[in-house]
Amino acid sequence: DVKVTQSSRYLVKRTGEKVFLECVQDMDHENMFWYRQDPGLGLRLIYFSYDVKMKEKGDIPEGYSVSREKKERFSLILESASTNQTSMYLCASSTGGETTEAFFGQGTRLTVV
Amino acid sequence: DQQVKQNSPSLSVQEGRISILNCDYTNSMFDYFLWYKKYPAEGPTFLISISSIKDKNEDGRFTVFLNKSAKHLSLHIVPSQPGDSAVYFCAAWYQGGKLIFGQGTELSVKP
């Protein structure tokens, strides 16, 4: 079974802090994604990566950066957390190609106070 | 601009009846669509998919229909069960590796 693991289920951070959200997958998938889920807005793509050290902006990259130094790990970084970044963050991975499903982690509920 | 749209935020259905969840898209270049199911405090799980070369795909109680000319797809659940109560997301692959989602529809199946 594919497993996508996010390092924390719940996080509370202060405004202005630098925040790291970590995601690891164990199926040697090429593609990895970060989304945030907000009521009424669905899942919005922040960044994705199709290979080590490669990244592409999604639809809402402002205020975020990512790092992919190893194939199995994709990190989302909030450079200076703000209250409007309070959200559910979801990591996903998939094999290359556009006829496959993506597998999701359990999500990280981040609260910025 | 939302390229995948689910215009119904919620749907309530009686147990045993059919649930129909709808999804519209704007980009005719989309050629592979997926439905995901999400329970609170969990990640989405894949349900069923359909390629643009088909107009129907069936898996047990779940059937997805695609109408390319209308840029519309729908998910049918028959018969609906209380355990189907969740948020359902429609998604499409786009531009070499982007997987984009709709806003979701919250399905409530009442016993």
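The values are calculated or read from the model by the stated rules, or taken from the named source; none is laboratory data. Not measured: the values here are computed from a predicted model. Methodologically, a virtual Cβ is constructed for each residue, glycine included, from the backbone with ideal geometry; neighbour enumeration extends over all protein chains shown. Protein only, heavy atoms only, side chains kept; ligands, DNA and RNA dropped before computing areas. Shrake-Rupley method; radii C 1.70, N 1.55, O 1.52, S 1.80 Å.
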Q) Mind listing P(r) for chain B? All alpha-carbon pairs, 5 Å bins, whole percents. A) 2, 13, 24, 25, 20, 10, 4, 1, 0
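Over the protein assembly as shown, average the accessible area per residue using a 1.4 Å probe and give it in Å², no decimals. Don't skip to the end; give the middle numbers.
Details: 10610 Å² over 224 residues.
Normalised by residue count, the accessible surface of the protein assembly as shown is 47 Å².
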Q. What quantity of accessible surface, computed with a 1.4 Å probe and excluding non-protein components, is buried in total between chains B and A, in Å² to the nearest 100?
A. 1900 Å²
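Taking the Cα centre of the protein assembly as shown as origin, work out the dipole magnitude from +1 charges on Lys and Arg Cβ and -1 charges on Asp and Glu Cβ, in debye rounded to 20. Before the final figure, lay out the partial values.
Numbers: 26 positive and 26 negative charges, 76 e Å.
It comes to approximately 360 debye.
Summing Lys, Arg as +1 and Asp, Glu as -1, what charge do residues with Cβ under 15 Å from the Cβ of residue A:23 carry, residue A:23 excluded?
On the way: positive: A:3, A:9, A:36, A:55, A:68, A:70, A:71, A:73, A:109; negative: A:22, A:26, A:28, A:30, A:69, A:72.
Result for the neighbourhood of residue A:23: +3.
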Q: Would you mind getting me the FRET efficiency between residue A:62 and residue A:109? Use the beta-carbon distance for r and R0 = 25 Å, nearest 0.05.
A: 0.75
Q) For peptide B:35-43, how many partner chain Cβ atoms fall within 10 Å of a residue's Cβ, on average? A) 4
**Q.** Local electrostatic count at residue A:104 - Lys and Arg +1, Asp and Glu -1, tallied over other residues with Cβ under 12 Å
**A.** +1
Q) Between segment A:49-106 and segment B:15-67, how many Å separate their Cα centres? A) 23 Å
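Could you work out what % of the accessible surface of the protein assembly as shown is carbon and sulfur, using a 1.4 angstrom probe and leaving DNA, RNA and ligands out of the count? Spell out each step's value before the answer.
Working: 5150 of 10610 Å².
In the protein assembly as shown, the share of accessible area belonging to carbon and sulfur is 49 percent.
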Q. Got a sec? Which residues in segment A:88-112 would a label at residue B:31 touch, if it sits 7 Å along Cα→Cβ and we count backbone N under 15 Å?
A. A:97-100
Q: Report, in debye and to the nearest 20, how large the dipole of segment A:10-107 comes out about its Cα centre when Lys and Arg carry +1 and Asp and Glu carry -1 on their Cβ.
A: 380 debye
